[in-house]
1. About the Cα centre of the range B:1-147, what is the dipole size in debye to 20, counting +1 per Lys and Arg Cβ and -1 per Asp and Glu Cβ, all else neutral?
2. Mind checking the angle between helix A:171-200 and chain A's longest principal axis? C-alpha axes, 0 to 90 degrees, to the nearest 10.
3. For a Förster distance of 30 Å, can you work out the FRET efficiency between the beta-carbons of C:K77 and B:T15, rounded to the nearest 0.05?
4. Looking at the range C:33-119, which GluC sites (Glu not before Pro) are in a loop (DSSP not H, G, I, E or B) and have at most 14 other Cβ atoms within 10 Å?
5. Neighbouring Cβ atoms within 10 Å as the yardstick, rank A:R53, B:R150, B:R117 fewest first.
6. Once Lys and Arg get +1 and Asp and Glu get -1 on their Cβ, which of A:F105, A:T119, A:N135 lies farthest toward the positive end of the dipole of chain A?
7. For the protein assembly as shown, just the Cα set please: Rg and Dmax, both in angstrom.
8. Among the listed pairs B:K47/B:K185; A:K77/B:K185; C:K15/C:K217; B:K16/B:K103, give every one whose C-alpha distance is greater than 30 Å.
Amino acid sequence: MIFSMLVFSLMVAVIFNFSFPPGSEFIDDAAAGIIWMTFIFTSLLGMSRSFVREVDKGCMQGLLLAPIDRVDIYISKMLINLIFIIMVEVVVVPLFSVFFKINLFDSIGALSAVLLLSTLGFAIVGTLFSAIAVNTRTREVMLPILHFPVSIPLIICAVQATNAVMAGQAWSVIWPWLKIIIAFDLIFFLVGYLTFEYIVEDS
Amino acid sequence: MKAEGSFAITVAGLTKCFGHMYALRQVDLAVKTGEFVTIFGPNGAGKTTLIRILSTLSKSSSGEVSILGSSPAKEPESIRRQIGVIGHNTFLYEELTAAENLKFYGKLYSVSNLGQRIEESLAEVGLSARAADRVRTFSRGMQQRLAIARAMLHDPSILLLDEPYTGLDQHAAHVLSEWLSRLRKESRTTLMVTHNIERGIELADRIVVLRNGEFVYDHLRKGVSAEDFKQIYNDLVEGKPGKHA
Amino acid sequence: MEQNNRKDIWGSLLKIGVFVCMTVNIYLVFQFAPQEQSMGHVQRIFYFHVPSAWIAFLAFFVVFVASIGYLWKRERKYDLVAGAAAEIGVLFATLVLITGPIWGRPVWNTWWEWSPRLTLFLVLWFIYIAYLMLRNFVEGEEKSARFSAVFGIFGFVDVPIVYMSIRLWRDIHPSPVVGGGQGSGLHPDMTFTLLFSVLTFTLLFLFLLSNRMKLEKSRIALDDLKRQIAF
């Protein structure tokens, strides 16, 4: 799974590159957007598989019968999604830096914070929605339809914060974006924590 | 009236409805500790719904349920720790090996001394040689045997079996029956639902028939031959077409 | 039976109320309210745009409350309210997205401007279209109700976060003109017309909601009858 995510991610990055004329100056402004589009599509690819095994092979019942808190299932699935996407990002971000000739390593601390917190938000919402989408008739289509509109604030903030980091702007410019990202993470983790049980319960 | 403690499972006035459809209506059942009860019934009689409520997967619409003194709605985790469930599905991960599956579920149940317990369980169901093979390569019968090992890993005192014979070949069904009769001697409480009369009756202490969400027959196995029961069952189930409100 | 009759009386009163208010409202908007000096007649669309936005918000809030109600009480009526409110909300959000650009074209000289509030409605529109799709793509009434309730909660919780992020991203929309503040410059007759429009649209919302629910209840009753015949 992680391998297919990685390959997919690299392909998306390269294809985006072809949408600009060679040597275009726009690429500097668009780089953050391209990075995030790549990661969003990659994470959807990975997360859509979160509960497929459990639902198709009936393992979900096995998990629900175990003497564990149901929310632990959500948290573990969410963490493994987060780890997978972060691993892809660790490989792809340096390659971006090479492809798009942007120096991303001057402010590696700020960049890591933005990447980690935004990806966490995607995993929090995406894992929960994939538990819903896997039970619908059009699984693969349903996840992005549910995920995109709800995560629009996250996308806006992640792209703008990454832009600010790449432009070498001060922490005071990055911080307002990061604040919204953190609020998104906290609020939706709480909502997910409270509602996950209702998704996996059998009637 | 017997003391509450001698019953492993008590159900009183249990009702479950989906919208306007009733799956169970005012069901009463008391299973003694160590008793083996088989519930027969045609498809759609509410058998699976009953098992799901007892195993804490479903919530009842009304009525009282008590399993080893705990209520599924209030203390689901303490009940889950003490029941072993074998259902239509094996609950096994096909990409993992037999031993890995048991290790995963053993950790979920916090089984102590897990490594040794896994070896013992695999030996009991005769799969020691295949411990390191992926479940995907197993036959249906072998998967069912592993499912049994999985359900018994945490040494449950109550077993809930939902159509365990479905999809098994003759040999695998025989293995399952032998294993169940061995368990009977260990005086575990067992509740099995099935529509397979021969298999269901051979081990039972008590036989019950569920039809349209109601118990219509409840009798000790002793003194009822398989032939007699078949006749009774046919009269109950096929003789009178189900009435629907 | 008696209860049914009483409900019908309320329904008829509501119907008459909506009709009367609508008629009066159209008179107020096109005859009573004075013409805006710089924007001209096109400004009158404001009396439809703002109440539509209000109804869309109200509807999505109803979805949110009914979703929580469903998960808590597990009664089907909450799910019916949520579904009906979401449909009406999407309808009025669509009106907001249509009337906004019609106003924006002469005033801002562009059909579409990524102003925070208009963008918010676009995002809301997507969220609740997704909500309606989810309702239709899940098999089993109970499951569909459960999943859409969870998504209905997610969608509404998202609103303030979406708004904050869009605000930070871009802010060129005119600051709120209602509220009667010193600088608002809204003629008292305009304020009155606007408030009357909001009242009319709220009645219209209640009327649509109750009718949509009646329709859905009939559909369920019909399904039950069909099922009984099938046996």
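Each value in this text was obtained by applying a stated rule to the coordinates, not by laboratory testing. Just so you know, these numbers come straight off a predicted model, no measurement behind them. A quick note on method: Cβ atoms are made from the backbone with ideal geometry, for glycine too, and the neighbour counts reach across all protein chains shown.
1. Working: 18 positive and 13 negative charges, 58 e Å.
Here the range B:1-147 has a charge dipole of around 280 debye.
2. 20
3. Values: r = 20 Å, r/R0 = 0.68.
Result of the calculation: an efficiency of 0.90.
4. Numbers: sites: C:E36, C:E75, C:E87, C:E113; in loops: C:E75, C:E113.
Hits after loop and neighbour filter: C:E75.
5. On the way: A:R53 15, B:R150 25, B:R117 19.
Starting with the residue having the fewest Cβ neighbours, the order is A:R53, B:R117, B:R150.
6. A:N135
7. Over the protein assembly as shown's Cα set, Rg and Dmax evaluate to 30.8, 99 Å.
8. Values: B:K47/B:K185 25 Å; A:K77/B:K185 41 Å; C:K15/C:K217 19 Å; B:K16/B:K103 35 Å.
Cα-Cα > 30 Å for A:K77/B:K185; B:K16/B:K103; rest within.
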